[in-house]
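Before any comments, here is the structure.
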DNA sequence: CTGGGTCAAGTCCAC
DNA sequence: GTGGACTTGACCCAG
């Protein structure tokens, strides 16, 4: 459901509720899945979805109107169809309930998704992404970039441009709903993709670019932050979602990897006069946003 | 009940 | 060449 002004949200985990065992990350290792099968997967999925609704309602009560869902709500989702789960009727009813809430939901599927990949890598990617899209369908949400399914290109295979062309070709293998939801994000390492690198892809397949401020700072290419921000901004057909985090190395632990995210947020977020939604990626989750409130509002 | 070892997936990179 | 990291550590079991 669309809201009319900029929002700030966080990803996957609510630390306040996690302390009360309210979580959407219940899963199992392979051995357990092989022993217990989809009956147990169904049980965990129902608990995850039930808790997802609780987290969403907590968000609304606390003024958070955008949230990134975990990609692991359904354990071993690639191994069955959702409708096969014994608890599917309850799961579906809960997802429908979630779909009525006035909050912008997004997902960021795992780093194993490589749409430019080949063979089983590509097959697994399509399966995973389609399942994420099906979740939004079950929530009754019309396919659009409002509920983005955001991924990285995931690798260059030794040839950045050829890989983007393969990504664009494989994009045509996806369902219409998934194509309407997919977005791509700039990478944090210089061997991978800057915002500028992703522009031709975006122009070819109409997929908006998610601008990640921190990744840009580590891999700016030839653009300033403002230029990359505006380049990405102009690829969107709804209000963008951009990612923000601070550097752990600069703010908390000088020995940390340069790509590591800080626990908290220290810097103001410059949105260059534009209305955008901000997905904050900090280890302290909603706590960092509560602490940030009133200090760094420059939207 | 907890600490430690282990855990689906692909790619890149530091060691 | 191995292991860690990635959008998020969680699961399992021996003790």
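None of the figures in this text is laboratory data; all of them are computed from the coordinates on show. Keep in mind it's a predicted model, so treat the numbers as computed, not measured. Glycine gets a Cβ as well: all are built from the backbone with ideal geometry, and neighbour counts include every protein chain shown.
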Open item on the list: Among the residues that make up the range A:243-262, is at least one of them under 20 Å from residue A:147 (Cα atoms) and touching a residue at least 24 places away in the same chain (Cβ under 8 Å)?
Closed with: yes
TODO: For residue A:88, indicate whether it is buried (at least 16 other Cβ atoms within 10 Å of the Cβ) and touching a strand residue (DSSP E or B) at 6+ places or on another chain (Cβ under 9 Å).
DONE: no
Open item on the list: Among the listed residues A:106, A:125, identify the single one that is buried (at least 19 other Cβ atoms within 10 Å of the Cβ), within 14 Å of DNA strand C (Cβ to nearest atom) and over 16 Å from residue A:68 (Cβ atoms).
Closed with: A:125
Open item on the list: Take the residues in the range A:151-168 that are over 17 Å from residue A:199 (Cβ atoms) and near DNA strand B (Cβ under 8 Å from one of its atoms); name whichever of them is surrounded by the most Cβ atoms within 10 Å (Cβ to Cβ).
Closed with: A:154
TODO: Could you pull out the residue among A:66, A:73 that is touching a residue at least 24 places away in the same chain (Cβ under 8 Å), within 16 Å of DNA strand B (Cβ to nearest atom) and either on the phi > 0 side of the Ramachandran plot or surrounded by 16 or more Cβ atoms within 10 Å (Cβ to Cβ) (or both)?
DONE: A:73
Open item on the list: Among the residues in the range A:37-51, are any more than 21 Å from residue A:124 (Cβ to Cβ) and not in a helix (DSSP H, G or I)?
Closed with: no
Open item on the list: One residue is enough: does the range A:265-277 have a residue meeting the conditions touching a residue at least 24 places away in the same chain (Cβ under 8 Å) and within 23 Å of residue A:110 (Cα to Cα)?
Closed with: yes
TODO: For residues that are touching a strand residue (DSSP E or B) at 6+ places or on another chain (Cβ under 9 Å) and within 11 Å of DNA strand C (Cβ to nearest atom), tally how many sit in the range A:25-72.
DONE: 4
- [ ] With the condition kept exactly as written, say whether any residue in the range A:22-31 is within 16 Å of DNA strand B (Cβ to nearest atom), surrounded by 20 or more Cβ atoms within 10 Å (Cβ to Cβ) and closer than 30 Å to residue A:271 by Cβ.
- [x] yes
